[in-house]
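The values are calculated or read from the model by the stated rules, or taken from the named source; none is laboratory data. Remember, predicted model here, so these are calculated numbers, not experimental data. All Cβ positions, glycine included, derive from the backbone under ideal geometry; neighbour counts span all protein chains shown.
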Amino acid sequence: MGRIEKSIEIKAPPDKVWEMLAFDRFPEWTETFGERVEYTSEVHTPKDRYRVGATAQGIPEKQGDDYCRFEITESLENEKISYRAWEETFFGTLSMFTTYSLEPLGTATKVTYELESELPFGIFGKFLEKLFARRWAEKMIWKALENLKSVLER
């Protein structure tokens, strides 16, 4: 899919936005990773949820659906978090690299979501991407950012 970037301004300080970027908080504002997300690495303190190397997996809503797995690759508290997500499918591995950047704006925060991914289906994947995957991804990203904003501005 290449690279997609979307930003939104949220009326909340960076530390409050940061709290929502822990994997186990994803189901509160995004619909793409299952009904819950559980850590698969050791989490002894709240900060362990954001450390480089922390891993988790999305638990699907229906038995038999694919699990999405996550691993944090970069973490700067209240500023930036990056992770790799992947899902084994019948056709191969779908890999995504996501970064959330937080920029303080007085009492608000500008949240920038960057996604880089590639469909695993070779030339067919390129066709699917052009046909609908990129538009679908952009719509899901924007919906997640709007949900995050809604949750934090309540």
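In the list Ser82, Ser117, which residue meets the criterion of being at pLDDT below 90, surrounded by 15 or more Cβ atoms within 10 Å (Cβ to Cβ) and hydroxyl-bearing (Ser, Thr, Tyr)?
Only one candidate passes the filter, namely Ser117.
Does the range 16-58 hold any residues that are of a type in the set (Gly, Ala, Ser), within 13 Å of the chain's Cα centre (by Cα) and part of a loop (DSSP other than H, G, I, E, B), and which are they?
Residues satisfying the conditions are Ala22, Gly34.
Just checking, how many residues over the range 5-27 are surrounded by fewer than 18 Cβ atoms within 10 Å (Cβ to Cβ) and closer than 19 Å to Glu138 by Cα?
Result for the range 5-27: 6.
Would you point out the residue of the range 128-154, among those that are modelled with pLDDT under 70 and surrounded by 13 or more Cβ atoms within 10 Å (Cβ to Cβ), that is nearest to Trp18 (Cα to Cα)?
In this case the residue turns out to be Arg134.
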